[in-house]
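K.L.:
Structure incoming, see below.
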Amino acid sequence: MNDSAQLVANGLCPLLASVKLRTIILTGCVCMTLSMCATATFTLLEYNNLIIVGMMCFLASHRMSIGTFVWVYCGAVACEEALSISTAILWTSATIVSISTTKMFATLGSAGTFFLFATFTACFGIFFFFYMKEIQGLTREESQLIYAQFRDTEEDKLMRSMKRSTFIAEK
């Protein structure tokens, strides 16, 4: 099932090249939320074939949005140190979800777990809507400046003056 959804998503991903990253990720969050809600509903109604369809829609939506393009976005806006931290956070989060999913199914049941995942995905979508900035058409340097906070501290002024004096001395 996962392989089929990924195959479809991989075939469609090149078509998304002209679409803005923010739009892709927000649309993916909406599609994933709706497919998780549908999967939870189908679980309650015991429509087994539709549960599979809902899961495949979720997997394809994930693959065509967050599963692929969050990595692209992080690589474009983050410096090397921040990229390392964000990668560690993403993998740690994936590990926590993998470990806790079995316990959630046992505690909340299938429908409850799917509704919980839908809620988390909706929250992520809301977060991305308010805090994610579009970077399409920008260079990596311009993309990194979007989230940079400019503070003109005494240390910054000293570093700039040292660079200027070094530059003047070299001439």
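K.L.:
Of the peptides 102-115, 33-46, 80-93, how do they stack up when ordered by the mean number of other Cβ atoms within 10 Å, highest first?
P.N.:
Details: 102-115: 15.0, 33-46: 18.9, 80-93: 11.6.
Put in order of decreasing packing, that is 33-46, 102-115, 80-93.
K.L.:
Let me ask something additional. Kirkwood hydrodynamic radius of segment 28-91 from all distinct Cα pairs, in Å?
P.N.:
On the way: mean 1/r = 0.0762 Å⁻¹.
So the Kirkwood estimate lands at 13.1 Å.
K.L.:
What area, in nm² and to one decimal, does the C-alpha convex hull of segment 36-153 cast on average over all directions?
P.N.:
Values: hull surface 36.9 nm².
Value for segment 36-153: 9.2 nm².
Here, each number is a calculation from the coordinates, and none is a lab measurement. All values derive from a computational prediction rather than experimental measurement. We place every Cβ from the backbone using ideal geometry, glycine too, and count neighbours over all the protein chains shown.
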